[in-house]
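Engineer: The structure's right below; bear with me while I get my questions together.
The values are calculated or read from the model by the stated rules, or taken from the named source; none is laboratory data. A quick note: this is a predicted structure, and the numbers were derived from the prediction, not measured. With ideal geometry, Cβ positions are generated from the backbone for all residues, glycine too; neighbour counts draw on all protein chains shown.
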Amino acid sequence: MIERIKKLLKQQNIDTYQINVLDKESFQLYFVHEKVETIRKVIFTDISVNLFIHKDGKIGGSKFVLYSTSSDEEIKEKIKEASTKALSTLNEPHELVKGDKPLEFISEPFIKGKELKEVAEEIATTIFNTPKSNKNATLNATEIFINKYVNHIVNSNNLDKCETFYTGMIETIPTFNKKDESVEIYAQKNFNTFDKDELTKYIQEQLFEVEARANATKEELPSKLAVVLRSEEIASILRNYQYDLSYSSLYAHANMLKKGDRIQNEDAPNKITLSVCGNIKGCSLSSNFDEDGSEYKDRTIIKDGEVVSFYGPNRFAQYLKEENTGNLKICKLEPGNLTKDDLNGKVYLECLQFSGIQSDILNNYVGGEVRLAIYHKDGKAIPVTGFSISAKLSDVLNTIRLSKEITHDPVYCGPKFALFDGFTIL
C-alpha cells in the first residue's frame, strides 16, 4: 500500500509527503457480571497521508485518510483535494524529519510467550478472583481489550521507521446494591504492563469507591481543609505547564512562563520537578518516536519549582532553532516522601471523584465540583458529596506534599496522591 501511494503521489508531482500506517490486532472480552457474553478479535489498518506543497517560499500541508481497500482512483482523487487545500494553508517552510536507513523498534509483550487471547483471559481471572469486602459491591460489566500495534512511518526525506508495541484497557462498571437502589460508577484503566497484585488492588479500590458513593451524604464541612488529590487531578494540573512550556506555545507567544520563572517559592515543602518523556514502562501511550517520526528525547522542563527548559516537535523546533525533542506526551513528576501513614490523625478531605477539575495558569486558579470524597476526622472516614473546592493555584502549589508511592496513567508517571493546604470548601 505504501508503494502504491508513493507511486500515485509521484504521478501528481508531489515530492514532499509523509505516510503513516497503523496496523492493529485486538482481542476483546465482554462480561456481564462474571459471565463472558462476547469474544471478539479485531484486525484493522489506519492509513493517513500528509502531503506538502511549496509555493513562494512557503509550505502548505494537508492530511487525508485512506483504507486498505482504497482503489487507485480513490487515492488520486484524495491527492487532488489535499493539494488544493494545502495551497490555502501556507506556513513558514520546514523540513520533514530526516532518515538514513530503516529502523525498527519492538516492545516486549505483556507476558512473554503468550498470545493476546491468553493475556486477556489471565487478566479476567485476576479481576474476578479479587477478594470483595462487601458482597453488595460487584462488577456489573467488565470489558477487556488487549492490543498489538505496528506503527510504520515513511516520508520523502528518506525516513522509514516501524514500531511494534502493546497496550491494554479495562473498562468496568462497579455497582453497589442497596435495598431500594443500585449505584454505579464507571472506571477505566489503561496499561502496557501486567502486574496481578497491582490489578487486584485497583479493582478493590473501585469496589470501595462505589460503596462509598452509595453511602455518601452531604455534610457541613469547614470552609478551609487540607485536601488530598489523586494522580488524575495532579496530571490535569500539570498539563497546563506541559502546554505552556511547549515550542508551539512559545512560537505563538501564548506562553505565560519563561526560563528562570518559579512556579513555587523556595521554601515549598516539596519542590516540583517535572519532565516530559516519550517512553515510560507502565504508561500506555509510550512509544519510541512521535507522529512525525522524530525519536523522543526526554526533557526536564521544571526543576525544583523553576522553569529550566522548553520542548517540542520537528516543525516548531526548526522555527525556533531549538533541539527537536519530539512531541513528548508523558508527564513525569518526581515523587516526594509522603505516605498514607503520615496522614493518620489528620483532618482532611480525600477527593476521589470530580465532575472535572479546572486549572488555569493565567487566572491563577484551581478548583472543581467534587462528586465523592472521604472526610477524615477523629479517626472516622465519612463518604461525602455535594461540594466544590477552590484556590489560587500558586498558593496550593506552595504547600504541596507529594506521595512516595507512584502510579502510571496513559500520559502520567508520578505520585499517586498529593496533600495540599489552602483550598476553600464551597
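Engineer: Mind checking which pairs have a first residue in segment 145-168 that is within 9 Å of Gly293 (Cα to Cα) and modelled with pLDDT of 95 or more and a second that is among the charged types (D, E, K, R) and surrounded by 18 or more Cβ atoms within 10 Å (Cβ to Cβ), Cβ under 7 Å, 6 or more apart or different chains?
Structural biologist: Listed by first residue and then by second, the contacts come to Ile153/Lys161.
Engineer: Inside segment 178-235, counting only strands (runs of 3 or more DSSP E) that do not spill past its ends, which hold 2 or more residues that are assigned by TED's automatic domain parsing to the domain that holds Gly422? Even if it seems obvious, please write down each step before you answer.
Structural biologist: Values: elements: 182-184, 187-191, 224-230.
The qualifying strands (runs of 3 or more DSSP E) are 224-230.
Engineer: Continuing with the same structure: Can you pull out every residue in segment 80-115 that is farther than 23 Å from Arg315 by Cβ, touching a helix residue (DSSP H, G or I) at 6+ places or on another chain (Cβ under 8 Å) and either surrounded by fewer than 12 Cβ atoms within 10 Å (Cβ to Cβ) or modelled with pLDDT of 95 or more (or both)?
Structural biologist: Across segment 80-115, there are no qualifying residues.
Engineer: Does Tyr67 fit the bill of being modelled with pLDDT under 95, under 22 Å from Glu291 (Cβ atoms) and assigned by TED's automatic domain parsing to the domain that holds His152?
Structural biologist: Numbers: modelled with pLDDT under 95: yes; under 22 Å from Glu291 (Cβ atoms): yes; assigned by TED's automatic domain parsing to the domain that holds His152: yes.
Taking the combined requirement at face value, the residue satisfies it.
Engineer: Only residues in segment 241-253 that are in the same structural domain as Phe316 (by TED's automatic domain parsing) count as the first member; pair them with residues that are hydrophobic (A, V, I, L, M, F, W, C) and surrounded by fewer than 18 Cβ atoms within 10 Å (Cβ to Cβ), Cβ under 9 angstrom, at least 6 apart or cross-chain, and list the lot.
Structural biologist: Qualifying pairs under 9 Å: Tyr243/Ala254; Asp244/Ala254; Asp244/Met256; Tyr247/Leu320; Ser248/Ala254; Ser249/Met256; Leu250/Leu320; Tyr251/Leu320.
Engineer: Can you tell me which residue within segment 52-76, out of those that are over 21 Å from Leu22 (Cα atoms) and of a type in the set (A, V, I, L, M), is farthest from the chain's Cα centre (by Cα)?
Structural biologist: This residue is Ile53.
Engineer: I need the full set of residues from segment 327-372 which are more than 19 Å from Leu225 (Cα to Cα), in contact with a strand residue (DSSP E or B) (Cβ under 7 Å, 6 or more places away or on another chain) and of a type in the set (A, V, I, L, M, F, W, C), in order please.
Structural biologist: Leu328, Ile330, Cys331, Leu333
Engineer: So, one more: Which of the following residues is in the same structural domain as Ala235 (by TED's automatic domain parsing), touching a residue at least 12 places away in the same chain (Cβ under 8 Å) and over 30 Å from Phe165 (Cβ atoms): Leu274, Leu343? Before you say what the answer is, go through the steps one by one.
Structural biologist: Working: Leu274 fails: over 30 Å from Phe165 (Cβ atoms).
One residue alone meets the criteria, Leu343.
Engineer: So which of Asp298, Asp304 is surrounded by fewer than 19 Cβ atoms within 10 Å (Cβ to Cβ) and in contact with a Leu (Cβ under 8 Å, 6 or more places away or on another chain)?
Structural biologist: Among Asp298, Asp304, only Asp298 is surrounded by fewer than 19 Cβ atoms within 10 Å (Cβ to Cβ) and in contact with a Leu (Cβ under 8 Å, 6 or more places away or on another chain).
Engineer: Taking the criterion of being more than 17 Å from Glu209 (Cα to Cα), in a strand (DSSP E or B) and touching a Phe, Trp or Tyr at 6+ places or on another chain (Cβ under 8 Å), would at least one residue in segment 408-424 satisfy it? Break it down into steps so the answer makes sense when it comes.
Structural biologist: Let us first name the residues in segment 408-424 that are more than 17 Å from Glu209 (Cα to Cα), namely 408-415, 418-424.
Within this subset, residues satisfying the condition of being in a strand (DSSP E or B) are 408-409, 412-415, 418-424.
Imposing the further condition that a residue be touching a Phe, Trp or Tyr at 6+ places or on another chain (Cβ under 8 Å) reduces the set to 408, 419.
Yes, some residue in segment 408-424 is more than 17 Å from Glu209 (Cα to Cα), in a strand (DSSP E or B) and touching a Phe, Trp or Tyr at 6+ places or on another chain (Cβ under 8 Å).
Engineer: What number of residues within segment 138-164 satisfy the criterion of being closer than 23 Å to Thr38 by Cα and of a type outside the set (D, E, K, R)?
Structural biologist: From segment 138-164, those closer than 23 Å to Thr38 by Cα are 138-149; that's our starting set.
This time we only want the ones that are of a type outside the set (D, E, K, R), so: 138-142, 144-147, 149.
Total meeting the criteria: 10.
Engineer: Moving to a separate point now. Cβ contacts < 6 Å: first residue farther than 22 Å from Asp395 by Cα, restricted to segment 351-378; second residue assigned to a loop (DSSP other than H, G, I, E, B) and hydrophobic (A, V, I, L, M, F, W, C), any location; separation 6+ or different chain. Result?
Structural biologist: So the pair list comes out as Leu372/Ala216; Lys377/Val347.
Engineer: What is the number of the single condition among (1) in contact with an Asp or Glu (Cβ under 9 Å, 6 or more places away or on another chain); (2) crowded, with 21+ Cβ neighbours inside 10 Å; (3) assigned to a loop (DSSP other than H, G, I, E, B) that Arg315 does not meet?
Structural biologist: Answer for Arg315: the failing condition is (3).
Engineer: So, one more: Considering only residues that are among the charged types (D, E, K, R) and in contact (Cβ under 8 Å) with a residue 40 or more places away in the chain, which ones fall in segment 189-209?
Structural biologist: Once the filter is applied, which keeps residues that are among the charged types (D, E, K, R) and in contact (Cβ under 8 Å) with a residue 40 or more places away in the chain, segment 189-209 yields Lys196, Glu209.
Engineer: If a residue must be at negative phi, assigned to a loop (DSSP other than H, G, I, E, B) and not aliphatic (A, V, I, L, M), how many such residues does segment 254-311 contain?
Structural biologist: Going through segment 254-311 one residue at a time, the tally reaches 29.
Engineer: Given the criteria more than 30 Å from Glu205 (Cα to Cα), surrounded by 12 or more Cβ atoms within 10 Å (Cβ to Cβ), free of Cβ contacts under 8 Å to residues at least 12 places away in the same chain and charged (D, E, K, R), does Glu77 qualify?
Structural biologist: In short, yes.
Engineer: Is one or more of the residues making up segment 356-371 in contact with a helix residue (DSSP H, G or I) (Cβ under 7 Å, 6 or more places away or on another chain), among the small types (Gly, Ala, Ser) and at negative phi?
Structural biologist: Yes, the conditions are met somewhere in segment 356-371.
Engineer: Cβ-Cβ under 6 Å, sequence separation 6+ or interchain: first residue in segment 213-229 and surrounded by 14 or more Cβ atoms within 10 Å (Cβ to Cβ), partner part of a loop (DSSP other than H, G, I, E, B). Which pairs?
Structural biologist: Once the first residue is surrounded by 14 or more Cβ atoms within 10 Å (Cβ to Cβ) and sits in segment 213-229, its partners that are part of a loop (DSSP other than H, G, I, E, B) give Arg213/Ile185; Ala214/Lys178; Ala216/Thr385.
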